[in-house]
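Heads up: the structure comes next, in structure tokens.
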Amino acid sequence: MNALEFDRLVQKYQSLVYTICRQLVADEGYAQDLTQETFLSAWRSMDRCPAGYEKQWLARIASNKAKDYLRSAWARRVNTPGDDVLALEGAPPGSEPEAQVLEALGEEELTQRILALREPYKTPCRLMLLEQHTAAEAARLCGRPQKTVEAQVFRAKKMLAAQLSAAGKEGF
């Protein structure tokens, strides 16, 4: 494939490749960068493209590039997984959602609501929200994978928010 044919390929599939990257990576700028990297990789390895399967081949490269980015150390530092709610930069102390819930409910009522949760939600919430363990520590203590514990705490927060909403109080 020569440069002119490749240019036509880029024109034909650039929106598809960008869409794939954008769906996997939340940031628009990173999605644009990954789109460029996809076409650069495709140009370098054009000889490995099966004839007639250019679209599928480019889509696979794009999804692999996006997944590689999400697994990278940079993405983990910039986008911390498991942080369901982040405090706004420059927000006054006590404006974090958990602090607002504590203020509205009182620590004792929140503790009672957490301890009233059914398993598998109660133990990870007790460890992370009441005893201030990290997700990794809570996972080790529960004997569950860290992602499972993070998901259980996230779901428990949703359940608590629904309870608070039903009681006419705001939270999480």
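All of the numbers you see were taken from the coordinates with simple rules; none came from a lab. Quantities reported herein were computed from a predicted structural model and do not represent experimental measurements.
Computed values, structure above
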read-out: Set of lysines with alpha-carbon distance to LYS55 below 27 Å, sequence-local pairs under 8 removed; value: LYS12, LYS65, LYS67
read-out: In sequence order, calculated HN-Hα J values of the range 117-125 (Karplus, 6.51, -1.76, 1.60; Hz; x Gly/Pro); value: 4, 7, 6, x, 8, 4, 4, x, 5
read-out: Estimated Rh, the range 3-78: Kirkwood, alpha-carbon pairs, angstrom; value: 12.6
read-out: Calculated from backbone phi, Karplus (6.51, -1.76, 1.60) coupling profile of the range 46-54 in Hz, x at Gly/Pro; value: 4, 5, 8, 6, x, 4, x, 10, 4
